[in-house]
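Structure first, commentary second.
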Amino acid sequence: MKLIAGNSNTPLAQAIADYCEIPLTKANVRRFADEEIFVEVLENVRGEDVFVLQSTSYPANDNLMETLIIIDALKRASAKRITAVLPYFGYARQDRKPGPRTPISAKLVANLITTAGADRVLSVDLHAGQIQGFFDIPTDNLFAAPVMSADIRSRHPDANWMVVSPDVGGVVRARALSKRLDNAPLAIVDKRRERAGESEVMNIIGEVEGRFCILIDDIVDSAGTLCNAAAALKAAGAEDVVAYVTHGVLSGGAVARVDGSALSELVITDSIGNHETIAQSVKVRHLTIAPLLAEAIRRIADETSVSSLFD
């Protein structure tokens, strides 16, 4: 088994390698003067089971191209099997046509990864479960809920938990976390989005007064939805509000927005390498998913069950 990393999230890649007790495969991933990407694998990978570790986060296009070129280099070097390990799958929010004459970019990216030569894909908390069907190769979608629930239990063991979905579409995700927290009650934030990037909270479905509210989501980008939801929950009498989100995109002024919000804490995983941003925040904290990914990688290599990780 070989592990090879792109440049998008080297701390996570190194943590996975340390857990697996396998050094990262030496590779030269660099750019020419015109920003054209060049990849050279510096070790023999013929007949090997190779895992490419790369999140297609900001800059999304550069990291996606790195992924494709690394896969192509491995394919031409006669690797036996190539698994694209994408902790954060960029373009996942473009999983359907929201209007006429618009693309389904998540399907396009799936086609690109398959055509480049990947034999399998491993990701974490895909924005929509149906994205697995966009690939014509085996796809494993891991969930960060076990890591989050363990953290909630250790930090807030005596709290009066209530799991809150920030929108109707995230109820399934919220229910999954609720089950891991002794079937904690659920609430839903009903919001109306007037235009892209802006959200307006309309109503809270559920009795949140006196509760320790845990907002759960897969992606936090501008953080507008989370901050508005936290304010609405506080106004409805919530005792405290924290948020657990898998992918911390945190673009623009998101961190400042979180720091000035009603949220007590925003907990994100290290699926995206934005550790400098986190270090500057008083409310953002990160959990590592390296053991989760490393265990899944080891099971794929050993041809054992990945789904049993969640039993």
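Only residues that are surrounded by fewer than 17 Cβ atoms within 10 Å (Cβ to Cβ) and free of Cβ contacts under 8 Å to residues at least 24 places away in the same chain were counted in the stretch 137-165, giving 8.
Is it true that some residue in the stretch 92-104 is of a type in the set (Gly, Ala, Ser) and within 22 Å of residue 72 (Cβ to Cβ)? Looking through the stretch 92-104, none of the residues is of a type in the set (Gly, Ala, Ser) and within 22 Å of residue 72 (Cβ to Cβ).
In this structure, does residue 219 turn out to be in a strand (DSSP E or B), closer than 19 Å to residue 56 by Cα, open to solvent by less than 60 Å² (accessible area, probe 1.4 Å) and at pLDDT 95 or above? So residue 219 fits the description; yes.
Scanning the stretch 226-237 for residues that are surrounded by fewer than 24 Cβ atoms within 10 Å (Cβ to Cβ) and in contact (Cβ under 8 Å) with a residue 40 or more places away in the chain turns up just one, 232. Residues in the stretch 32-63 that are open to solvent by 40 Å² or more (accessible area, probe 1.4 Å) and within 21 Å of residue 272 (Cβ to Cβ): 58, 59, 61, 62. Looking at the stretch 241-276, which of the residues that are in a loop (DSSP other than H, G, I, E, B) and among the polar types (S, T, N, Q) is surrounded by the most Cβ atoms within 10 Å (Cβ to Cβ)? Checked the stretch 241-276; the qualifying residue surrounded by the most Cβ atoms within 10 Å (Cβ to Cβ) is 271. A search for C-beta distances below 7 Å between a residue of the stretch 298-309 that is without any contact (Cβ under 8 Å) to a residue 12 or more places away in the chain and any residue that is open to solvent by 40 Å² or more (accessible area, probe 1.4 Å) and in a helix (DSSP H, G or I), counting only pairs 6+ apart in sequence or on different chains, returns 305/299.
Residue-wise test of (1) more than 22 Å from residue 251 (Cβ to Cβ); (2) touching a residue at least 24 places away in the same chain (Cβ under 8 Å); (3) among the basic types (Lys, Arg).
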position: 69; (1), (2), (3): yes, yes, no
position: 90; (1), (2), (3): no, yes, no
position: 94; (1), (2), (3): no, no, no
position: 109; (1), (2), (3): no, yes, no
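The values are calculated or read from the model by the stated rules, or taken from the named source; none is laboratory data. Because the structure is a prediction, the values reported are computed rather than measured. Reconstructed Cβ throughout: ideal geometry from the backbone, glycine too, with neighbour counts over all protein chains shown. Heavy atoms of the whole protein, side chains included, go into the accessibility calculation; ligands, DNA and RNA do not. Shrake-Rupley method; radii C 1.70, N 1.55, O 1.52, S 1.80 Å.
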